[in-house]
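So the structure is just underneath, and the comments pick up after that.
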Amino acid sequence: MHCDDFSRTDADRRSALTRPISRRRLLQAGLGATISLYAARAMPLARALQAGEASAAAAPNAPVLVNVFIPGGLDLLDTLVPTGAYGRYADLRPVLKVAAPVDVGGGFGMHPTLTQGLNGGLKGVYDRGRLGFIPGIDYANPDLSHFNSRHFWETGLISLNPGPGWLARWVDRNGDPENPFQGLSMDAGLSPLLRGAGKPVAAVQSPDDAQSWVPGVWGEWQDRMMEHYSAIAARRPGAPGPAAVFAAARQSQYVARTLKPYVKNDDTDVDPLAPPVAYPGGENGEGTNGFAENLRYLAAMLALPLGIRVATVEAPGDFDTHDGQAQTLNTDLGKVSEGLSAFQADLEARGIAERVLTIVWTEFGRRPKENSSAGTDHGAGGIAWVMGARARGGLLTPYPDLNTFDEDDNLKVTVDFRAVYASLLEQWLGTGADEVLPDAGRVGRVQLVAAG
């Protein structure tokens with residue numbers, strides 16, 4: 001069972017993602033495509049059709065940052081077990097303790113489910129030096145609210161004031177004014193990380209979902225309705241509000257048309273984006289949790305000349321483990337390992353792994369002591385990791401001391417999440433951290449990318 005704050009977070013964000021706003025009200029008036037275009041500006045469609053390819057051609061090897069969110073507050077101690085201090089760990093977790101962690105050396109072991117997936121799962125990725133753990137990550141004086149903490153991580157600001165996502169700010173400073181693929185949410189609605197961008201970004205779950213359709217309408221009537229929609233999209237009213245709406249319609253058509261050649265043919269079962277590796281749940285990863293399927297489409301689209309620079313994906317499961325933590329980790333953490341290990345193998349098989357780095361994070365950690373419900377409550381000092389062919393492997397930050405807690409009996413924070421963001425901006429995206437993060441000069445840095 002998760003807490004009311006987690007329910008509030010989930011419900012409020014779903015409401016925010018579907019609430020009509022002027023720039024996309026037209027798209028939400030009945031079109032069933034799982035796609036949203038944001039911050040679209042008026043431009044000739046013929047010019048827009050070239051935007052993605054132009055971005056990719058201008059920088060074919062541009063680095064891509066994939067941002068994976070694990071909802072609920074993933075527990076550090078049971079995910080990356082401190083086997084070097086196992087006695088102390090077992091005292092804190094007499095019921096929950098992981099009995100047989102998988103040794104990774106240095107006095108640590110992984111939860112056994114992290115071996116699930118291709119090539120040994122995330123354990124295999126770690127063994128190949130392509131995964132770096134960031135234990136103890138949080139911020140000073142942590143707020144243990146799901147809603148507030150997630151907002152801080154999404155904006156990169158320790159403030160409850162509304163603000164654009166930190167990736168949205170990066171897109172605004174470094175993005176293309178015409179390419180909506182540059183910032184991509186693999187979801188039905190735009191991730192808060194990208195919300196607020198002044199330059200176009202998009203939410204697309206798959207090429208098939210990006211196609212325009214109208215619920216309950218088909219055949220001749222659908223053709224007529226789409227003809228009218230195309231006519232509307234071609235208009236260019238002078239007023240700013242209507243102009244933005246019609247521009248969004250044009251960009252929606254652009255994304256649908258660009259991805260249409262890659263839609264799976266149900267009659268012939270030919271899938272132009274069929275992955276070169278097996279995703280969990282089937283040869284193509286279909287019919288599994290949406291996480292693995294979104295990752296397989298993302299890998300395929302990263303191989304296309306679309307100019308994707310940043311992308312967001314949400315992991316499956318509910319890691320707000322106030323009770324039944326062992327079972328949640330056994331099922332949901334295994335799905336995370338299966339999806340991410342297949343994604344990494346896919347990138348490598350396509351020959352694009354060198355330019356993709358994945359950051360995995362959760363909004364906070366759990367308390368070091370188990371509770372009376374076979375779970376753990378909200379705590380500090382969580383866990384994140386980077387994954388990729390050029391990721392620095394190993395443990396990248398100090399593991400919290402199990403004998404010294406903060407004044408609230410939580411794990412002490414060993415690294416500020418904004419230091420990780422600043423490091424990603426400078427070491428991976430190649431831009432100044434202070435352009436995006438107001439506190440960049442005060443939060444230090446972590447070496448996340450391997451030398452050379």
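Structural remarks
- Some residue of segment 409-421 being within 30 Å of Leu347 (Cα to Cα), part of a loop (DSSP other than H, G, I, E, B) and in contact (Cβ under 8 Å) with a residue 24 or more places away in the chain: no
Residue-wise test of (1) buried (at least 23 other Cβ atoms within 10 Å of the Cβ); (2) farther than 10 Å from Asp138 by Cβ.
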| site | (1), (2) |
| --- | --- |
| Ala380 | yes, no |
| Ala391 | yes, yes |
| Pro398 | no, yes |
| Leu402 | no, yes |
| Thr414 | no, no |
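- For the condition free of Cβ contacts under 8 Å to residues at least 12 places away in the same chain and either among the aromatic types (Phe, Trp, Tyr) or under 25 Å from Leu448 (Cβ atoms) (or both), Asp401 qualifies.
- Any hit, segment 325-345, residues being in contact (Cβ under 8 Å) with a residue 24 or more places away in the chain, more than 19 Å from Trp428 (Cα to Cα), outside any helix (DSSP H, G or I) and of a type in the set (Ser, Thr, Tyr): no
- So Glu338, is it under 26 Å from Met301 (Cβ atoms), buried (at least 24 other Cβ atoms within 10 Å of the Cβ) and not aliphatic (A, V, I, L, M): yes
- Residue match in segment 129-147 (condition: under 20 Å from the mean Cα position of the chain (by Cα) and in a helix (DSSP H, G or I)): yes
- Residues that are within 30 Å of Gln344 (Cα to Cα) and free of Cβ contacts under 8 Å to residues at least 40 places away in the same chain are absent from segment 382-392 altogether.
Computed from the coordinates by the stated procedures, all read-outs in this text should not be read as laboratory data. Keep in mind it's a predicted model, so treat the numbers as computed, not measured. Using ideal geometry, Cβ is built from the backbone for each residue, glycine included, and neighbour counts are taken over all protein chains shown.
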